[in-house]
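Please read the structure below before turning to the comments.
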Amino acid sequence: MITRDELTAHLAEFLKLSDYQDYAPNGLQVEGKQEIKTIVTGVTASQALIDAAITLNADAILVHHGYFWKSEPQEIVGFKQRRIKSLLMHDINLMGYHLPLDGHLELGNNAMLGKLWQLEDITPKPGLVRLGRLAKPVNIEDFIEVVSSSLNRRALHLPGGPDQVQTIAWCSGGAQGYIDQALAWKADVYISGEVSEQTTHLAMEGGIHYLAAGHHATERLGIKALGEYLTKQFDLNCHFIDINNPV
């Protein structure tokens, strides 16, 4: 068991929240009960995830995509009202960790992806975008299969790079705009979750392969790893709930 205040304080330090300027508040977003024994983790604080947490009698939900984004309407109406009402009625805490969970060097989304693909991290400077190296060059089609099978989702391939690849840049989620960083590092491949119309041309003209591996798919590992960490650290009962999302 841990208190809400102890948990939020620990995660604020562990995930280094003060290092990030984010698009939504990191940490406690909706206040629930003080004592926490059971936690549900998931990518997005959807109604389906909340309902699963209610079924499990969870005391807290930890997500990567929480609420109160800078660009969203401030009114609490519609699905937003129903989600928050469900949390308040069942006294469940909601905690969201966005960029800090992408960038954490031990169990963040990008760190976990690098481990998943067995990449040696050679990133030259701090930041969300990572640069890694495979142990030896492989055919691009074989590497696409590795990425697709590991995430259980077929990656969309925009070709442009060499047949044999070894240097891989990546950033989870909707980070297709960081392809310029991958190009500056002369990576053979850049991987993110989503894709934009102009990415096709940037990949072809820049001489790099781009893989859109899924926003949800590339951001499952960090929040799952965070729950596993909390289970070991505080002997909590943590459940990772994967609400399928093809995007």
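The values are calculated or read from the model by the stated rules, or taken from the named source; none is laboratory data. These figures come from a predicted structure and were not determined experimentally. Cβ atoms come from the backbone with ideal geometry, glycine included; neighbour counts cover every protein chain shown.
Annotations for the structure displayed:
- Some residue of region 182-195 being in contact with a Gly (Cβ under 7 Å, 6 or more places away or on another chain), closer than 18 Å to D102 by Cα, modelled with pLDDT of 95 or more and hydrophobic (A, V, I, L, M, F, W, C): no
- Members of region 161-202 found to be on the phi > 0 side of the Ramachandran plot and without any contact (Cβ under 8 Å) to a residue 40 or more places away in the chain, listed by number: K186
- Qualifying residue in region 218-225 (condition: more than 30 Å from D51 (Cβ to Cβ), modelled with pLDDT of 95 or more and not aromatic (F, W, Y)): no
- Tally of residues being touching a Gly at 6+ places or on another chain (Cβ under 9 Å), crowded, with 19+ Cβ neighbours inside 10 Å and either more than 19 Å from E106 (Cα to Cα) or free of Cβ contacts under 8 Å to residues at least 60 places away in the same chain (or both) across region 4-38: 3
- G127 satisfies every condition listed in (1) out of contact with any Cys (no Cβ under 8 Å at 6 or more places or on another chain); (2) at pLDDT 95 or above; (3) outside the structural domain of Y23 (by TED's automatic domain parsing) except (2).
- Of all residues in region 19-27, at least one satisfies being outside any helix (DSSP H, G or I) and farther than 25 Å from I191 by Cβ.
- Residues that are outside any loop (DSSP other than H, G, I, E, B), among the charged types (D, E, K, R) and in contact with a helix residue (DSSP H, G or I) (Cβ under 6 Å, 6 or more places away or on another chain), drawn from region 105-162: D121, R130
- Residues of region 207-230 satisfying the condition of being part of a helix (DSSP H, G or I) and under 23 Å from S150 (Cβ atoms): A217, T218, E219, L221, G222, I223, K224, A225, L226, G227, E228, Y229
- Hits in region 189-206 (condition: under 23 Å from the mean Cα position of the chain (by Cα) and part of a loop (DSSP other than H, G, I, E, B)): G193, E194, V195, S196, E197
- Qualifying residue in region 211-220 (condition: surrounded by fewer than 17 Cβ atoms within 10 Å (Cβ to Cβ), of a type outside the set (S, T, Y) and in the same structural domain as P137 (by TED's automatic domain parsing)): no
- Filter result (surrounded by 16 or more Cβ atoms within 10 Å (Cβ to Cβ) and either modelled with pLDDT under 95 or part of a strand (DSSP E or B) (or both)) within region 39-85: I39, V40, T41, G42, V43, T44, A60, I61, L62, V63, H64, H65
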